[in-house]
Amino acid sequence: MKRIVSNISLRAHFGQVTALLGANGAGKTTTIECAQGLQNRTGGSVSLLGQDPENADAVLRSRVGVMLQDGGLPPSARPIALLRHVASLYENPLTVDALVDRLEIAEFSNTTIRRLSGGQKQRVALAASLLGNPEVLFLDEPSAGLDPQSRLMVFELIRELRDSGKAIILTTHLLDDAQRLADYVYIVNHGESVAEGTVAQLLSQSTAAQKHRTMTFETVPGLDTTGLQHSGLICSETRPGAYSLSGSFTPADMAAFGQWCAASNAMPTSVHLASQSLEDVFLAVSAAASPSSEASASGSASTTGNTESSRAEAESELS
């Protein structure tokens, strides 16, 4: 029996974007489907707004919005008619016209879902997930298929929803999405959570993310950089007076750079240190985490088989 998800424990808070970051097939979608109650788990526990979503009543369902990766939209429907139908299912829905305007859906409102582009379907699916004004919002790959302009529009809306106090749980395989949107990140690899934290925490905790950083600076041309190279830094003059310095930039490295400047009587007129990237962390922890074997895995979120330890838990504050 292939285990899809094993040993995942996550929490989500109101007023926060929680991201599950991982490559395609890492188990992100299965995890949030179990958290929503859309897929039955074979073990572990889930608490969503104080209830097990597998036994959710209509009241709980009305408090949760879901945007599926495949859209889940009826192919023969037209966007606005579909949204009005979805709105009719809620007691106090948001205004359809407001969401249509915000997500610029009117421009393709007379086209059936099957004829829409992937990005257009995403915008309709996002609008549908918001109509009930949910307290908790699950977004599976929300930027998939979006053009750059639509992506910025959706990002701005997600931030506004977070700032309004909603709990947002999203999945993505795009590192830039997680770095720009997430308040807290779980890195998922082969069905397991291999790292978690805020973006700043993940960057600061990863020694791999500190390697091969580059600093550029400008000063007088023709300087001897041998002293820097002896300290473990790599320095080259890319053009007269412009230098590129590579290394891990530990405190000792920076001290060596300062000593070299003093010895060379060189005062940099400009300095730029390239930012660490979540990509560095992701690649490092993914490489370090080996796939769980059947012998070592203790749980699964597969729809068949036994699971003892897979768990997707919403923070008790959501209850």
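Selection of helices (runs of 4 or more DSSP H) fully inside the stretch 125-208 by the criterion of at least 1 residues being farther than 23 Å from Ile105 by Cβ and of a type in the set (A, V, I, L, M) returns 175-181, 199-205.
Restricting attention to the stretch 1-38 and to residues that are among the basic types (Lys, Arg) and under 21 Å from Val199 (Cβ atoms), the residue that is surrounded by the fewest Cβ atoms within 10 Å (Cβ to Cβ) turns out to be Arg11. For the stretch 236-285, a tally of residues being part of a loop (DSSP other than H, G, I, E, B) and among the aliphatic types (A, V, I, L, M) returns 3. Checked against the criterion of being touching a residue at least 24 places away in the same chain (Cβ under 8 Å), touching a helix residue (DSSP H, G or I) at 6+ places or on another chain (Cβ under 9 Å) and of a type outside the set (Asp, Glu), the candidates Leu68, Leu60 yield just one match: Leu68. Within the stretch 143-172, residues that are in the same structural domain as Leu116 (by TED's automatic domain parsing) have Cβ atoms under 7 Å from residues that are modelled with pLDDT of 95 or more and acidic (Asp, Glu) in these pairs: Lys166/Glu135; Ala167/Glu135, counting only partners at least 6 apart in sequence or on another chain. Is one or more of the residues making up the stretch 121-134 β-branched (Val, Ile, Thr), at negative phi and either surrounded by fewer than 20 Cβ atoms within 10 Å (Cβ to Cβ) or modelled with pLDDT under 95 (or both)? No. In the set Ile80, Ile158, Ile105, Ile168, only one residue is among the β-branched types (Val, Ile, Thr), in contact with a Ser or Thr (Cβ under 9 Å, 6 or more places away or on another chain) and crowded, with 20+ Cβ neighbours inside 10 Å; that residue is Ile168. Name the residue, out of Gln201, Gln179, that is closer than 29 Å to Asn7 by Cα, outside the structural domain of Val86 (by TED's automatic domain parsing) and surrounded by fewer than 22 Cβ atoms within 10 Å (Cβ to Cβ). Of Gln201, Gln179, the one residue that is closer than 29 Å to Asn7 by Cα, outside the structural domain of Val86 (by TED's automatic domain parsing) and surrounded by fewer than 22 Cβ atoms within 10 Å (Cβ to Cβ) is Gln201. I need the full set of residues from the stretch 1-36 which are under 20 Å from Gly165 (Cα atoms) and assigned to a strand (DSSP E or B), in order please. If the condition is that a residue be under 20 Å from Gly165 (Cα atoms) and assigned to a strand (DSSP E or B), then Gln16, Val17, Thr18, Ala19, Leu20 are the ones that fit. With respect to the conditions (1) in a loop (DSSP other than H, G, I, E, B); (2) modelled with pLDDT of 95 or more; (3) crowded, with 18+ Cβ neighbours inside 10 Å, Gly44 falls short on a single one, namely (2).
The values are calculated or read from the model by the stated rules, or taken from the named source; none is laboratory data. Small disclaimer: the values here were computed from a predicted structure and weren't measured. No Cβ is skipped: glycine too gets one built from the backbone with ideal geometry, and neighbour counts run over all protein chains shown.
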